[in-house]
Amino acid sequence: MILFFKFLLVLFFISGFTASAQTITQLEKKNGFRDARLGASIKTFRNLVLTEKEGNTKYYRRKTDVMTMKGVKFADITYAFYKDRLSHVFITLNGVENSRKFVALLESLYGEGERLYPWVESFDNVLEWNGENITLTYGEIANTKEGIVHYYSNTTNF
């Protein structure tokens, strides 16, 4: 009987690991947000408007971005280019309900995110999906009721 429970435990562990690995694999394959692939040259982007410059990093918005996805409304999408290569995508969402709809969408695509920093009062509900080449984070800013989604490259040394 103990052998049977050990077998079930191992089977449960393997199936859980495989499901998690598959969803992170999907994030790795996507390697960005929509058509914006991390590491892509700035030359492959159209309709960018420079909003800020900080050292080797430039921040842009695209005039043509669709600001909704599956019923979720985006307040802002900002693209950061480090040495003219896409290194970060920041998405701002207004309202907790709207933000959590996007989290549900992310979880349907990439599995459940790892909950981080439960003790930090300025953020509620911080989640992370961590791949080999890409990390995706989500955090709710408690006092403004905004959600911030952040896709970034783990290999920014372009």
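The table that follows gives values for the structure above.
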| quantity | calculated |
| --- | --- |
| Filter result for the condition that a residue is assigned to a helix (DSSP H, G or I), surrounded by fewer than 17 Cβ atoms within 10 Å (Cβ to Cβ) and not charged (D, E, K, R), over Thr25, Thr51 | Thr25 |
| Complete set of residues in the stretch 133-153 that are modelled with pLDDT under 90, in contact with an Asp or Glu (Cβ under 7 Å, 6 or more places away or on another chain) and either under 17 Å from Arg37 (Cα atoms) or exposed (fewer than 15 other Cβ atoms within 10 Å of the Cβ) (or both) | Ala142 |
| Which numbered condition Asn143 misses (of (1) on the phi > 0 side of the Ramachandran plot; (2) out of contact with any helix residue (DSSP H, G or I) (no Cβ under 8 Å at 6 or more places or on another chain)) | (1) |
| Of residues in the stretch 65-113 being outside any helix (DSSP H, G or I) and among the β-branched types (Val, Ile, Thr), the one farthest from Asn143 (Cα to Cα) | Val66 |
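The values are calculated or read from the model by the stated rules, or taken from the named source; none is laboratory data. All of these numbers come straight from a predicted model, not from anything done at the bench. Methodologically, a virtual Cβ is constructed for each residue, glycine included, from the backbone with ideal geometry; neighbour enumeration extends over all protein chains shown.
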